[in-house]
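The values are calculated or read from the model by the stated rules, or taken from the named source; none is laboratory data. Since we're looking at a predicted model, the values are computed, not measured. Glycine gets a Cβ as well: all are built from the backbone with ideal geometry, and neighbour counts include every protein chain shown. Remember, those area values only see protein heavy atoms, side chains included, never the ligands or the DNA or RNA. Shrake-Rupley method; radii C 1.70, N 1.55, O 1.52, S 1.80 Å.
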Protein chains: 2
Amino acid sequence: MKLKDPKKTELIYAATLRLVKQHGLTALNMAAIGKEAKLGMGTLYVYFKSKEELINSLFKHLKQLNTARIYSSVKPNAPFKVNVKELYDNYIFNRVNFYEEHFFIEHCSGSHFLDKEARKLDESAFTGVFELLNRGKSELLVKEIDNALLIAHMMGSANELVNFCMQQKIKINKSFLDKTFSLCWDSIKK
Amino acid sequence: MKLKDPKKTELIYAATLRLVKQHGLTALNMAAIGKEAKLGMGTLYVYFKSKEELINSLFKHLKQLNTARIYSSVKPNAPFKVNVKELYDNYIFNRVNFYEEHFFIEHCSGSHFLDKEARKLDESAFTGVFELLNRGKSELLVKEIDNALLIAHMMGSANELVNFCMQQKIKINKSFLDKTFSLCWDSIKK
DNA sequence: AATATAAGCGAATAATTATTCCATAATTGA
DNA sequence: TCAATTATGGAATAATTATTCGCTTATATT
């Protein structure tokens, strides 16, 4: 008997991401995915039982990938500010280099497609930053403002900066990261 | 002859906003809008020639409303920091009190529905802030960073803070606005 | 009050898009 | 090599949803 080809799943995922980036989630349809992935319509239904399952499956896959990527290079023993900068750079870098993925994630979050499991996954990604900020407060380096607000502030800023750069086709380099990090650091430092 | 009822347009707009907030833009359809607005399907097409036109029309309407609301109370002669705070408060207040509207706007922005005119309108909303920041720089109060980046930073922060509060059902009061404004001000001040 | 004109409605139709089905091809295991 | 099984592709079908149509109703104008 013939076995499923694991590469086909990736092909379908990649095609979906490209299409959503180009035409938005609202315009996404199975025929287009098939064409973009160079697969027959029927093949899509071998790998996913419905459009909804395809979207949920891809969403969960991306969430897991991204959480892992952000924290990977942070060294616990480094000075506080160094760690914050490392995390900041990772976060921005990640968002730029996997822009399609984040675009997809954001548009799914406000759609009716996601099931409960996917929505739960969406929340738990920031425990690492939480702990880092607590350390900053104990070292008297960070303002005494609720961590959730500090995170929302920094994340919101970073997301919007990346979106702006992508729209304007501005390349993000070290100077950009240093400049915009100064905005973030000055805002949270005591 | 019978004249169009301007209230019907508002009814349709309001129904659309409720539906998009509840089920997302992807699930929006004309039958649902008719039902929610308590109007017949055909009536929708008296007021709008297509679903696309409805969405674009509502988008432009909201953009104009919001631009006006944000700048309305700003007094040109006040000190720079006072103006920035006024704008900040207005912006947050606006986003909280017209959450449905902003939810709709954001989801449209990433969809394939918007025409060129609507997309242009989307950009021009920040000329007022642009000029204010130039004033801040000339008074040596603001860092020498590209205005577009400063705006993306502040707007991103504000948007995410509001989203967070709405999700957690946190009420926004004066103390919240003062606390979070300190984040923004400290980040851009020289 | 009569008339003309357009609003208002929702069933019927058209268009789009998800899903299934079937013929064919490929691959595993015997 | 030969079944047996399942993937593959795309045409056919089903389901959903946008749009039109023909009728009724309301109301501005005379």
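Values computed for the structure shown
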read-out: Between helix A:6-23 and chain A: long-axis angle, C-alpha atoms, 0 to 90°, nearest 10; value: 70 degrees
read-out: Accessible area per residue, Å², chain B with all protein chains present, probe 1.4 Å; value: 52 Å²
read-out: Per-residue SASA entry for A:Cys184, accessible area with 1.4 Å probe, Å² rounded to 10; value: 0 Å²
read-out: Cut-off 15 Å between beta-carbons: net charge of the residues surrounding A:Ser182, Lys and Arg +1, Asp and Glu -1; value: +2
read-out: Surrounding net charge for A:Glu36, when Lys and Arg each add one and Asp and Glu each subtract one, Cβ distance under 12 Å; value: +4
read-out: Copy-to-copy label separations for A:Ile170, where each label sits 7 Å from Cα toward Cβ, in nm and ascending; value: 2.8
read-out: The range A:29-59 and the range A:86-156: distance between their alpha carbon centers, rounded to Å; value: 29 Å
read-out: Cα gyration tensor shape of the protein assembly as shown, rounded if a/c is under 1.5, else prolate or oblate by comparing a/b with b/c; value: oblate
read-out: Accessible area buried between chains B and A, both sides summed, probe 1.4 Å, in Å² to nearest 100; value: 2700 Å²
read-out: Position A:Glu123, label points 7 Å along Cα→Cβ, spacing to each other copy in nm (shortest first, one decimal); value: 3.9
read-out: Listed residue pairs exceeding 18 Å between alpha carbons, taken from A:Lys85/A:Lys189; A:Lys7/A:Lys35; B:Lys8/B:Lys51; B:Lys137/B:Lys189; A:Lys143/B:Lys171; A:Lys81/A:Lys189; value: A:Lys143/B:Lys171
read-out: Extension gain from A:Ala31 to A:Lys51, taking 0.36 nm per residue of separation minus the Cα-Cα distance; value: 6.1 nm
read-out: Ranked packing of B:55-62, A:152-159, most packed first, by mean Cβ within 10 Å; value: A:152-159, B:55-62
read-out: Rounded percent of accessible protein surface that carbon and sulfur make up, the range A:77-128, 1.4 Å probe; value: 56 percent
read-out: Column: log10 I(q)/I(0), Debye, Cα scatterers of the range A:1-70, q = 0.12, 0.15, 0.22, 0.23 Å⁻¹; value: -0.31, -0.48, -0.98, -1.05
read-out: Number of partner chain Cβ atoms within 10 Å, mean per residue of B:145-153; value: 6
read-out: Computed E for B:Gln22/B:Lys174 - FRET, C-beta separation, R0 25 angstrom, nearest 0.05; value: 0.20
read-out: FRET E, pair B:Ser124, A:Ala68, Förster distance 45 Å, beta-carbon r, rounded to 0.05; value: 0.65
read-out: Aspartates and glutamates whose Cα lies under 17 Å from that of A:Lys190, excluding same-chain neighbours fewer than 8 positions away; value: A:Glu139, A:Glu144, A:Asp146, B:Asp178, B:Asp186
read-out: Exercise: per-residue mean of other protein chain Cβ atoms within 10 Å, A:157-166; value: 6
read-out: Spin-label pair B:Lys4/B:Phe80, simplified geometry with 7 Å Cα→Cβ offset, distance in nm; value: 4.6 nm
read-out: Nonlocal amide H pairs with A:Val142, under 5 Å, H built at 1.01 Å; value: A:Lys137, A:Lys190
read-out: Nearest-first distances (nm) between copies at B:Leu3, label 7 Å from Cα via Cβ; value: 7.5
read-out: Cα→Cβ-extended label distance, 7 Å offset, between A:Gln167 and B:Asn97, nm; value: 2.5 nm
read-out: For peptides A:63-72, B:167-176, sequence by mean Cβ density within 10 Å, most packed first; value: A:63-72, B:167-176
read-out: Two-decimal Rg/Rh across the range A:51-188, once Rg and the Kirkwood Rh are taken from alpha-carbon atoms; value: 0.98
read-out: Cβ-defined net charge surrounding A:Leu11, 15 Å radius [Lys, Arg +1; Asp, Glu -1]; value: +2
read-out: Sum of -39500 (n - 2.57) over DSSP H runs of 4+, divided by residues of chain A (222 nm, nearest 500); value: -23500 deg cm²/dmol
